[in-house]
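Worksheet for the structure shown next.
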Amino acid sequence: MTESVVAVRGIDGLRQAVAGAVLVDGDAGYADAGRVVMAAGRPKVIVRCAGAGDVVAALKYAETHDLPIAVRSGGHHAAGFSTTDGGVLIDVRPMDEVRVLPDDVVRVGTGASWGQVAGQLSKVGLAISSGDTASVGVGGLMAGGGIGWMVRKHGLAIDNVVAAEVVTADGSVRRVDANSEPELFWGLRGAAGSLGVVTSYDIAAVHRPTVHYGTLLYPWMQAEQVLAGWAEYLADAPEELSSSLQLAPTMMADRQVPIAVMVCVTGDPERRDAILEPLRHLGSLLTEKVAEVPYAEVFADMSMPADWRPRIRNGFFDAWSPDVANRLLAARPEIPGLAIEIRALGGAFGAMPADATAFAHRGARFMVNSVLMGSPEQQGKQPKAFDALWRTLKPNGAYLNFLSDPTDADLDVCFPESHRNRLAALKQAVDPGHVFRSALTVPPRPEWTGGRRHLMRWAMRSRR
């Protein structure tokens with residue numbers, strides 16, 4: 001389906017063109033709609049899109065008035081990409097349909113939250129390998145990949161996508177899959193935010209009404225031993241086990257917060273004890289709280305003080321290194337606000353060929369995600385030490401979704417050269433005016449160097 005592109009002038013014209021709500025400064029709900037988890041934007045206009053046609057109208061309005069664009073689902077990206085100051089905010093949250101299609105395929109609107117998706121699917125015994133936070137939006141998580149509690153058994157969330165609906169910069173509403181526009185389908189699985197506004201995904205679900213989920217705790221002083229044993233086991237553990245190891249900031253509880261080994265075991269319940277047994281002997285086990293729960297209950301939620309501005313950085317590692325472990329552990333007392341989570345990968349995540357999706361890092365066995373907690377005042381000089389730590393770690397790649405202060409250089413870390421070249425060519429085909437752009441967006445090839453107005457008019461002119 002293709003929408004004709006005509007100018008949408010003025011707020012009254014925009015309100016007439018859309019089925020959803022249009023908010024400007026002074027309207028009820030404007031402030032909350034422009035605020036996201038890590039930022040409080042002041043958009044010129046917010047379009048709460050009820051369908052793909054509203055997205056088209058919002059793009060027309062932005063082009064007519066020469067305004068930048070931001071797209072919001074859950075609003076969780078740490079860099080604040082999902083709001084804007086002075087631009088058009090395309091809010092897809094009203095598009096939150098969750099509908100089971102034949103053959104256990106689920107059509108999910110990108111405005112839904114993953115807690116909502118999991119809760120509705122649990123009623124029919126289905127589950128989707130997705131993230132781990134209930135309020136995270138489908139659109140935001142899928143834009144980067146989706147690393148969750150079944151990643152080693154069922155892969156990334158994007159690995160289970162069979163089709164998508166996307167509105168591209170020229171106003172086209174496209175239904176894409178592996179047979180229809182296969183190159184765009186490739187790009188949407190790992191770089192969707194740079195290629196258009198995805199309005200829904202069709203995702204293959206699995207029959208997984210329950211999982212075994214919980215935590216094993218070890219004494220804080222055994223961090224080195226526990227980390228080494230955990231990494232050794234998870235490097236080649238059964239794929240039914242997904243796990244992370246969490247080290248709390250040393251500013252908490254006088255540095256004595258226990259080490260947490262989080263686990264999620266899928267599949268045959270009779271195999272659970274055998275799979276977990278090696279994890280019970282990493283050190284002096286304090287407690288084990290693992291139980292069979294509905295998959296929807298593994299989704300936590302997050303909240304933080306309003307003045308906190310966490311600094312977040314991550315890296316993929318193709319193999320675990322004692323040097324990386326030593327650097328992380330040595331940094332903890334020097335950076336008291338530093339929280340570290342190490343996620344095990346491999347299994348189904350690594351079985352996907354590296355060039356199968358725009359997400360590239362299939363050789364990674366571990367991901368280190370780090371968060372510097374606190375407000376800027378509380379952090380003080382810690383950000384310098386935090387950044388210096390990451391300069392020494394030298395990861396093999398990085399995950400788009402866990403970067404709070406990305407730079408253009410991070411593109412090289414998120415996308416290898418072969419993927420950047422392919423994305424640049426795709427971007428040239430579907431968004432030559434670079435309408436959808438951020439520090440983590442591969443530009444078109446060749447990159448257009450005119451003004452913003454020229455960029456958007458170039459993207460739209462073929463539709464006039």
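The values are calculated or read from the model by the stated rules, or taken from the named source; none is laboratory data. Here the structure is a predicted model, which means the values were calculated and not measured. Every residue, glycine as well, gets a Cβ built from its backbone with ideal geometry; the counts of neighbours run over all protein chains shown. Note: areas computed on protein heavy atoms with side chains; ligands, DNA, RNA excluded. Shrake-Rupley method; radii C 1.70, N 1.55, O 1.52, S 1.80 Å.
Could you check the stretch 251-326 for strands (runs of 3 or more DSSP E) lying wholly inside it with 2 or more residues that are over 23 Å from L400 (Cα atoms) and open to solvent by 20 Å² or more (accessible area, probe 1.4 Å)?
Hits in the stretch 251-326: 287-294.
Go through the stretch 38-71 residue by residue and tally those that are under 29 Å from R313 (Cα atoms) and in contact (Cβ under 8 Å) with a residue 60 or more places away in the chain.
4
Checking the conditions here, which among V88, V138 is open to solvent by less than 40 Å² (accessible area, probe 1.4 Å), in contact (Cβ under 8 Å) with a residue 60 or more places away in the chain, within 29 Å of V22 (Cα to Cα) and in contact with a Phe, Trp or Tyr (Cβ under 9 Å, 6 or more places away or on another chain)?
After ruling out the rest, the residue left standing is V138.
Look through A231, A205, A248 and report the one residue that is under 24 Å from A319 (Cα atoms), open to solvent by 10 Å² or more (accessible area, probe 1.4 Å) and under 25 Å from the mean Cα position of the chain (by Cα).
On inspection, the qualifying residue turns out to be A248.
Pairs under 7 Å by beta carbon, first residue of a type in the set (D, E, K, R) in the stretch 231-242, partner in a loop (DSSP other than H, G, I, E, B) and open to solvent by less than 40 Å² (accessible area, probe 1.4 Å), six or more apart or different chains?
Qualifying pairs under 7 Å: E239/G347; E240/T266; E240/G267.
Which one of these does P376 not meet: (1) in contact with a Lys or Arg (Cβ under 9 Å, 6 or more places away or on another chain); (2) open to solvent by 50 Å² or more (accessible area, probe 1.4 Å); (3) modelled with pLDDT of 95 or more?
(3)
Out of all the residues in the stretch 24-59, which are more than 25 Å from E165 (Cα to Cα) and in contact with a helix residue (DSSP H, G or I) (Cβ under 8 Å, 6 or more places away or on another chain)?
Matches in the stretch 24-59: V24, A40, G41, R42, P43.
Identify the single condition in (1) open to solvent by 10 Å² or more (accessible area, probe 1.4 Å); (2) not in a loop (DSSP other than H, G, I, E, B); (3) not aliphatic (A, V, I, L, M) that R152 does not satisfy, given that it satisfies every other one.
Of the numbered conditions (1) open to solvent by 10 Å² or more (accessible area, probe 1.4 Å); (2) not in a loop (DSSP other than H, G, I, E, B); (3) not aliphatic (A, V, I, L, M), the odd one out for R152 is (1).
I'm trying to understand the selection: among the residues of the stretch 393-434, which are open to solvent by less than 20 Å² (accessible area, probe 1.4 Å), touching a residue at least 40 places away in the same chain (Cβ under 8 Å), under 20 Å from P182 (Cβ atoms) and in a helix (DSSP H, G or I)?
Once the filter is applied, which keeps residues that are open to solvent by less than 20 Å² (accessible area, probe 1.4 Å), touching a residue at least 40 places away in the same chain (Cβ under 8 Å), under 20 Å from P182 (Cβ atoms) and in a helix (DSSP H, G or I), the stretch 393-434 yields H419, L423, L426, K427, V430.
Kindly check whether there is at least one residue in the stretch 48-57 that is in a strand (DSSP E or B), out of contact with any Pro (no Cβ under 7 Å at 6 or more places or on another chain) and open to solvent by less than 40 Å² (accessible area, probe 1.4 Å).
No; the residues of the stretch 48-57 include none that is in a strand (DSSP E or B), out of contact with any Pro (no Cβ under 7 Å at 6 or more places or on another chain) and open to solvent by less than 40 Å² (accessible area, probe 1.4 Å).
Being part of a helix (DSSP H, G or I) and either buried (at least 24 other Cβ atoms within 10 Å of the Cβ) or touching a helix residue (DSSP H, G or I) at 6+ places or on another chain (Cβ under 8 Å) (or both) narrows it down to one residue among A78, A62; which is it? It would help to see each step written out before you state the result.
Values: A78 fails: part of a helix (DSSP H, G or I).
Every option except A62 fails the conditions.
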